[in-house]
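Worksheet for the structure shown next.
The values are calculated or read from the model by the stated rules, or taken from the named source; none is laboratory data. Note that the structure is a prediction, hence the values are computed from the model and not measured. For neighbour counting, all protein chains shown are included, and Cβ atoms are generated from backbone atoms with ideal geometry for every residue, glycine included. Side chains are part of the model used for accessible areas, which takes the heavy atoms of the whole protein and leaves out ligands, DNA and RNA. Shrake-Rupley method; radii C 1.70, N 1.55, O 1.52, S 1.80 Å.
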Amino acid sequence: MYKPHILGKNGEDIATEYLMQKGYKIIERNFYCKIGEIDIIALKDEYLVFIEVKTRSSNNYGVPSESVTKEKIKHLYRTARYYLYTRNLQNEFVRFDVIEVYFKNSEYKVNHIMQII
């Protein structure tokens, strides 16, 4: 793995731990199909939550959530529809969130943005 992948994996691990501490039940990580990938799928209250994790060590290229473009949202939506269809979950309440993880030295900060769509 090269540095950006390691940073991203660490961010996903931190996001997963954060979600579990907030009472989310993690259903799946890194769901992949040919349409796209969803970093984390979790249950919270009555919602099935599809979560995109964005990790940065600086804001030189903007805040992490800015990289969730309209095109990325379209892929997330289509991937989630495929996930719901293949698991016969079409009647579930769903939500799309972004979790930003900021690393600075050995410390980190988590920002949870609920319902991007």
_Just to check your reading of the model, which residue among 9, 72, 34 is farther than 25 Å from residue 91 by Cα, charged (D, E, K, R), open to solvent by 20 Å² or more (accessible area, probe 1.4 Å) and free of Cβ contacts under 8 Å to residues at least 24 places away in the same chain?_
9
*Starting from the range 97-109, keep only residues that are closer than 16 Å to residue 62 by Cβ and in a strand (DSSP E or B), then list their pairs with residues that are open to solvent by 100 Å² or more (accessible area, probe 1.4 Å) and among the aliphatic types (A, V, I, L, M) whose Cβ atoms are within a distance under 9 Å, requiring at least 6 positions of separation or different chains.*
98/114
*Name the strands (runs of 3 or more DSSP E) wholly inside the range 1-82 in which the number of residues that are in contact with a Gly (Cβ under 8 Å, 6 or more places away or on another chain), hydrophobic (A, V, I, L, M, F, W, C) and at negative phi is 1 or more.*
47-56
